[in-house]
Amino acid sequence: MPRTWFVLLSLVLVSGCNDAMEATPVSSAPAPAAADTEQKSATTSESTPETKEPVVAEQPAPTEYNTLSDFESYVLLEKGTERAYTGEYTDLEDAGTYICRRCNAPLYTSKDKFHSGCGWPAFDDAVEGAVHQSVDADGYRTEITCNNCGGHLGHVFFGERMTKKDTRHCVNSVSMKFVPAGQTLPAVVKKPKEETPKSGTDKSDPKSPDAAG
Ligand SMILES: [Zn+2]
């Protein structure tokens, strides 16, 4: 393999990890490239057998998304990134399901989680159909969003050879909520198709043409 390819690949990898550093005022951290060599032992070969099929709540689906804190809004709605090694789920190994913080859609399960060493929760697979991939605004990375509500999750990287699936969903902890195995998953918020961005005075129309019968 030509050496230039290796250099290019390294640059891509470093810039992928480097993304969140921009939001970090602290600049004392060493170049992340040096850490790459130490993080190859990430794959865990044994799966957790006690992971059962999660139970979904049977209530009618709510139509309002969960209320988000300022920081959650910054990440989920403004495509922000939490600082590396600060998320609550980066090292969590418990069995369970990771749902969307905004709409409760199940996104990832603990059986696909692995230690990437990159500072954010990493999964090498997602719940089928739950995560949407698109080219990032930066033109070269692949952004991942919740397929149900469009909330920003993070980015997905390929070809890093960290797991057999050769895929790393690098997800902000704050974009998700962990539901331990055995607990009931909350109902997924289903918004009507036409989402009104502005929430003005939300009084019901006094002259509603509702003639039932
Ligand atoms: Zn969502």
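The values are calculated or read from the model by the stated rules, or taken from the named source; none is laboratory data. The shown structure was predicted, so the numbers you read here are calculated from the model rather than taken from an experiment. All Cβ positions, even for glycine, are placed from backbone atoms using ideal geometry, and neighbour counts span all protein chains on display.
Here are a few things to note about the model shown:
- Count of the stretch 80-98 residues which are more than 14 Å from the ligand (Cβ to nearest atom) and either under 17 Å from THR145 (Cα atoms) or not in a loop (DSSP other than H, G, I, E, B) (or both): 4
- Of all residues making up the stretch 99-147, the number that are within 16 Å of the ligand (Cβ to nearest atom), charged (D, E, K, R) and in contact (Cβ under 8 Å) with a residue 60 or more places away in the chain: 3
- In the stretch 66-77 there is at least one residue matching the filter, namely being modelled with pLDDT of 75 or more and more than 16 Å from the ligand (Cβ to nearest atom).
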